[in-house]
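Colleague: Take a look at this one; I'll ask things after.
Laboratory data are not the source of any read-out in this text; all were calculated from the coordinates shown. Quick caveat: nothing in here was measured; it's all calculated off a predicted structure. Cβ placement follows ideal geometry from the backbone for every residue including glycine, while neighbour counts extend to all protein chains displayed.
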Amino acid sequence: MQKLEERTERNTPTDASQVRSNCGSVIKHDCGVGQVLQGSKTSSNNSDENQLPKERQNTSVSVYMLNMRGKPLMPTTPRKARILLKQGKAKVVQRTPFTIQLKYPTGETKQPITFGIDAGYSKIGFSATTEKQELISGELILRTDVSKKLTEKQMYRKNRRSKLWHRKPRFNNRKRDKGWLAPSIKHKLDSHIRLIQKIKGILPVTNIVVEVANFDIQKIKNPCIEGKEYQEGEQLGFWNTREYILHRGNHVCQICKGKSKDPILNVHHIDPRKSTGTNRPDNLITLCETCHKAYHKGDIKPNLLKNNNNRNGFKPETFMSTVRWKLINQLKEIENNSNSVFHTYGYITKHNRIKAGLQKTHSNDAFVIAGGNGHERVNPFNCKQTRRNNRCIQLNRNGFKPSIRKKRYKFQPNDLIRFKRKECRVKGVFNYGKWLRLADSTENIFNSNIENVELICYGKGIQFN
């Protein structure tokens with residue numbers, strides 16, 4: 001039987017996977033930061049190296065810090081934040097991301113921070129990096145019910161306006177300003193700006209890089225290689241057109257429609273390059289590895305490829321191009337410095353991500369956009385966007401909806417509150433906002449009066465988990 005020896009500073013940490021602690025889970029929690037109590041001993045197993053998986057070894061935890069005026073400083077370590085809170089030199093501003101504010105003046109030495117944004121229609125990836133490490137990372141899920149809410153609002157408004165027949169017509173003075181966007185699209189554009197401003201409230205960001213599209217339409221029409229990135233070879237220039245073909249085919253084989261379950265996709269020339277074939281998008285099609293080999297063996301007829309090729313124009317991409325430049329221009333106006341806002345394309349991000357050996361996630365894409373390559377990573381946040389104001393239609397006793405409830409109650413659903421020293425989530429509000437329906441960590445549902453609870457943080461808008 002192997003003999004155990006007393007733990008020393010060189011032995012495996014207490015959170016290692018191959019060693020069990022002999023003192024149990026003695027953890028002290030102070031404002032969300034865990035600490036092992038002094039005097040606790042663990043036994044080693046004659047191993048001086050942590051055997052955790054590689055993706056967890058290169059991670060760190062940052063505590064974000066503000067000065068006395070509320071301006072962001074460089075993040076600090078959990079240990080230093082715990083000491084400042086214990087000595088009364090700082091206070092907790094928010095829990096997620098965990099942020100403290102100093103109560104005394106200090107120096108404001110800052111490092112250059114690049115903030116990368118993987119812009120998208122349904123999800124946004126974000127990451128902030130310095131020269132050596134990543135400071136924050138995550139993925140934000142945007143709302144998808146805006147169009148539905150607008151349609152419902154239009155229905156109620158039309159019904160309400162039809163009863164006001166005595167009002168003067170106002171359709172002659174309605175006009176759309178230059179650069180008008182649909183409300184649902186404008187909401188997604190504003191969500192990108194809101195996320196960037198929220199991160200800039202806790203980090204002194206110096207540069208912003210935004211991925212505006214998966215491919216560059218101008219490079220497809222005129223594939224002239226320019227810039228430093230294109231000096232690496234012709235293959236990098238081909239990623240632009242290839243990414244467009246895969247996007248046009250929804251990343252699915254156009255012959256078997258994914259029935260072969262082959263994860264490898266190829267871009268095939270319908271007319272071979274040897275016989276007047278070109279690299280234009282209308283001559284390319286997405287095929288899986290199985291169908292691609294079957295075609296060259298003669299099992300698939302050439303006419304079948306032309307019938308399955310989706311030769312649509314650039315209308316969706318042109319529409320996204322309009323939105324992306326509005327995002328870039330708004331950021332330049334907010335920053336008052338056009339030299340601190342940059343843009344990039346998805347095919348460049350994909351090339352750098354594959355070269356760095358990272359998996360396909362929105363947070364990894366944002367990490368590459370921010371210039372990350374071998375940096376010390378942080379655990380990404382899973383963020384979600386919720387509706388801020390719920391101006392729902394009130395029901396009367398007969399079940400009709402006569403009016404809109406304009407009064408805002410003190411507590412709203414998803415708010416985090418403290419009830420009898422326990423943290424709970426608000427599931428609903430009733431009795432004109434005087435009573436709450438709560439759920440604890442074990443999903444037990446119970447009711448309480450608002451006088452017995454204490455608000456910790458609101459659960460609306462952009463939530464970090």
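Colleague: Return the residues of the stretch 81-110 that are within 23 Å of residue 127 (Cβ to Cβ) and free of Cβ contacts under 8 Å to residues at least 60 places away in the same chain; say none if nothing qualifies.
Modeller: 81, 93, 100, 109
Yes/no matrix, rows are residues, columns are (1) within 17 Å of residue 197 (Cβ to Cβ); (2) of a type in the set (Ser, Thr, Tyr); (3) buried (at least 17 other Cβ atoms within 10 Å of the Cβ):
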| residue | (1), (2), (3) |
| --- | --- |
| 71 | yes, no, no |
| 75 | no, no, yes |
| 92 | no, no, no |
| 99 | yes, yes, yes |
| 103 | no, no, no |
